[in-house]
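Contents: one structure, followed by commentary.
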Amino acid sequence: MEEALLHGNIINIEAKRQELESESFSRDDIISKLNDQYRVLSKKRAFTCRCCNESVNMNLTKEEGWPFYFKHYDGKKCSYSENSKTYEKQVSSQQDKQKKDIGLTVFREILEGQLKPIGAEIERGYFYKKKLSFIPDFIVRFPHSKERWAIDYYTSITQGGYAQNIEKRLAAYSKEGFKAFSFIDDVWLAIDPETSKGTLLTPEMQVTRKSQEDEVWDHALNHDLPLDIQTIISEVTDLPFPVETRSIAYVDPASRSCKIIRFAVINRNNSNVTFLKLSEPTIPLERALTLNTRQDDFLLYLDHEEELRLAFLDEIMDKQQQAEREEMARREALEKIKREEEERLAVEHFLKLEALERAESVKKNKQIDDEQIEREMAQRAEEARQRPIDMTPEQWEWRRKTGRIYPSREPGAVRRPSIQAESEYTKQQREKFLEKLLTHPIRGDQFIDGPPSKWRAFTLKWINTHQEGDNLIVSMKELLSDMKAGEITFNQIDSHVEHPVKEFLLFYQAGLKREMRRKVNIIFLD
């Protein structure tokens, strides 16, 4: 046992060792100091057991790591020594002893401050004057009452060992008449902040409780809410109705705070449960260890939890509205993709038809041009065959039309058409051809902004600067880039705009041959 009574005062010999050790004293120096202070008193049997009041001897072990302790002189084992041994075995094997000791120091300080003024007695569980199979951290006795509370602070709640026996522990407490209160270190609090869903291990679930405030939550959710709101809550959170609210307390002794997690289970399996957090009121540890006015429970709630219920409902409605907005955005995105796909297919179909019509038109125009040229050549050959050798074509044409000999001013002189008349005719043909180039309908004109004559005039200038002799080498990528630089804008992607531009170049090539009797070879690089 670590504690004994000396002249009515409690002496924790192990705590004194730890205190001196923290001041950097060596073990030998600690033993020397404590022997100077207490050895003679121990020999006079001044130390007595807190449980049975028998004399105990102070033992200061020299081995590093071993605790200092008191022991009965006759080797007798009272309930304290048995309970202490059981407690140390249970704690050392499964709990963070150093963290637990620090936390229990805070708990004891607060419990004594809150409960001693009303006459309550707070003692460590191993001082209970009866052998126990499970030892609580603290036992609280109240004046004028047989009720006893067992208070535990768990630094570890994992599966197996100490935690696995929680069910048996609580059953033993109930059999002994203890009212159990459990607090878990908040390092074990596990909640996803995005969904407010968390996980409890089976041992954690065993130390949850059903408080009066939990029952208020049940009534508010199960009876006060309309059915349509309950349906929305279930859809948004997977919360089943009727709701069964429970609570669990997580503490941080260092900051002296306590979080009360009110929750409802939404799924269970063999080793844990999934829960939905309903609220998370955080209160000072002093309040969590303060009695209520009826002195039958601790104040493990906030004074105005109605605000938390309203906040919970507001959060649910916000999530539902957010889900509706996301669904609407998803549908709009799908509709947009569908429209774009339909437009793409329509453009592809249009371009396919355009390409087929263009190919057919080119084929037909080529056939017509070839036939026209053949007819003209045959006609010229026939006229040449009929014309006398001594006549020029102009003289023969005059004679064929008038039946008279072509007049001449001087013997042997040949009259030719004037250069001015020929130039005027060529100019008219060129202007007529230019007008046709600027106005002839071409599929895909609408892909290019502005009047068609604008981009076609630009393309004709581009041809003049890039044509070399009878050859025109065209890079569609370069041509479209130059058009953009010339402030000609498109309302379709470049690959679509290439089609009307290319068709215009081919129309120019065919028209030049047909109208102007000139030939140009167009070579497309891409």
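Some points to look at:
- Some residue of region 428-445 being open to solvent by less than 60 Å² (accessible area, probe 1.4 Å), more than 29 Å from residue 491 (Cβ to Cβ), at pLDDT below 85 and not aromatic (Phe, Trp, Tyr): yes
- Exclusive hit being modelled with pLDDT under 80, open to solvent by less than 100 Å² (accessible area, probe 1.4 Å), among the aliphatic types (A, V, I, L, M) and in a helix (DSSP H, G or I), set 346, 381: 381
- Here residue 145 meets each of (1) out of contact with any Leu (no Cβ under 7 Å at 6 or more places or on another chain); (2) within 23 Å of residue 185 (Cβ to Cβ) with one exception, condition (2).
- Candidates 115, 132 - the one that is crowded, with 19+ Cβ neighbours inside 10 Å, in a helix (DSSP H, G or I), under 53 Å from the mean Cα position of the chain (by Cα) and not basic (Lys, Arg): 115
- Test result for residue 70, crowded, with 19+ Cβ neighbours inside 10 Å, among the hydrophobic types (A, V, I, L, M, F, W, C) and assigned to a helix (DSSP H, G or I): no
- Scoring residue 258 on the criteria (1) under 14 Å from residue 300 (Cα atoms); (2) assigned to a helix (DSSP H, G or I) leaves a single failure, condition (2).
- Taken together, 89, 100, 77 contain a single residue that is in a helix (DSSP H, G or I), under 21 Å from residue 132 (Cβ atoms), open to solvent by 40 Å² or more (accessible area, probe 1.4 Å) and not hydroxyl-bearing (Ser, Thr, Tyr), which is 89.
- The helices (runs of 4 or more DSSP H) located wholly in region 1-53 that include 2 or more residues which are within 55 Å of the chain's Cα centre (by Cα) and without any contact (Cβ under 8 Å) to a residue 60 or more places away in the chain occupy 13-22.
- Members of region 466-486 found to be touching a residue at least 40 places away in the same chain (Cβ under 8 Å) and aliphatic (A, V, I, L, M), listed by number: 472, 473, 474, 476
- Number of the exception - residue 224 against (1) open to solvent by 20 Å² or more (accessible area, probe 1.4 Å); (2) under 16 Å from residue 188 (Cα atoms): (2)
- Residue 62 falls short on exactly one of the conditions (1) farther than 30 Å from residue 298 by Cα; (2) charged (D, E, K, R); (3) outside any loop (DSSP other than H, G, I, E, B), and that condition is (3).
- Of all residues in region 275-323, those satisfying the criterion of being among the charged types (D, E, K, R), over 22 Å from residue 222 (Cβ atoms) and open to solvent by less than 70 Å² (accessible area, probe 1.4 Å) are 286, 287, 296, 297.
- Selected residue [crowded, with 17+ Cβ neighbours inside 10 Å and under 27 Å from residue 197 (Cβ atoms)] from 261, 266: 261
- Some residue of region 302-309 being touching a Cys at 6+ places or on another chain (Cβ under 8 Å) and outside any helix (DSSP H, G or I): no
- Per the listing 262, 256, the residue uniquely under 30 Å from the mean Cα position of the chain (by Cα) and either modelled with pLDDT of 95 or more or under 27 Å from residue 155 (Cβ atoms) (or both) is 262.
The values are calculated or read from the model by the stated rules, or taken from the named source; none is laboratory data. Here the structure is a predicted model, which means the values were calculated and not measured. Please note: Cβ atoms are built from the backbone with ideal geometry, for glycine as well, and neighbour counts cover all protein chains shown. For the accessible areas, the whole protein counts, side chains as well, though only heavy atoms, and no ligand, DNA or RNA atoms are used. Shrake-Rupley method; radii C 1.70, N 1.55, O 1.52, S 1.80 Å.
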